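Read the structure below first, then the notes.
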């Protein structure tokens, strides 16, 4: 390879993403991890994925989770992103999770929350890729928290860039 790990990470950081906190409860332990590696996979069945580093202390618990939640964070939730991005067992201190229909813990106030049933897991280099089948979701109309270039970012405008009406369905391969 003609590049370092840092150079590769910086290049990947040019892809702007939303910020999500993935949540679950396993053996009575509340789990939560901030990720920017969240993607849609399939409409039928409705599948999403996220990935976690194999070095994550809680990875064995995540791999036991039968259900998980995804909260797409709102711009006002930067502190939650920081809280769940760090290691340690006290991430949920002072927070009361909202319980989804499946019992999965969710965070309040997000842009979107998804309740998922674990569908499959795959090895992905130094990460584990976890697919989930979406069982439920709810949406709000707040502004998203964005991540680009290693920093939180804001949308500069609510003005959409025009998309040809006959092309909209094809822009994302759907």
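The values are calculated or read from the model by the stated rules, or taken from the named source; none is laboratory data. Quick caveat, the model's predicted, so the values are computed rather than measured. Every residue, glycine as well, gets a Cβ built from its backbone with ideal geometry; the counts of neighbours run over all protein chains shown.
Points to keep in mind about this one:
- Only a single item in (1) modelled with pLDDT of 90 or more; (2) over 30 Å from residue 8 (Cα atoms); (3) loosely packed, with under 11 Cβ neighbours inside 10 Å is not met by residue 97, and it is number (3).
- Yes/no for residue 52 being surrounded by 14 or more Cβ atoms within 10 Å (Cβ to Cβ), under 15 Å from the mean Cα position of the chain (by Cα), modelled with pLDDT of 95 or more and under 18 Å from residue 18 (Cα atoms): no
- None of 104, 70, 112 is farther than 17 Å from residue 140 by Cβ and buried (at least 16 other Cβ atoms within 10 Å of the Cβ) except 104.
- Residue check for residue 79: closer than 27 Å to residue 155 by Cα and either touching a helix residue (DSSP H, G or I) at 6+ places or on another chain (Cβ under 9 Å) or surrounded by fewer than 18 Cβ atoms within 10 Å (Cβ to Cβ) (or both): yes
- The lone exception for residue 140 - which of (1) surrounded by fewer than 13 Cβ atoms within 10 Å (Cβ to Cβ); (2) free of Cβ contacts under 8 Å to residues at least 40 places away in the same chain; (3) under 26 Å from residue 44 (Cβ atoms) it fails: (2)
- Looking only at residues in the stretch 1-47 that are in a loop (DSSP other than H, G, I, E, B) and surrounded by 13 or more Cβ atoms within 10 Å (Cβ to Cβ), the one that is modelled with the highest pLDDT is 46.
- Filter result for residue 93 (within 19 Å of residue 51 (Cβ to Cβ), more than 15 Å from the chain's Cα centre (by Cα) and without any contact (Cβ under 8 Å) to a residue 60 or more places away in the chain): no
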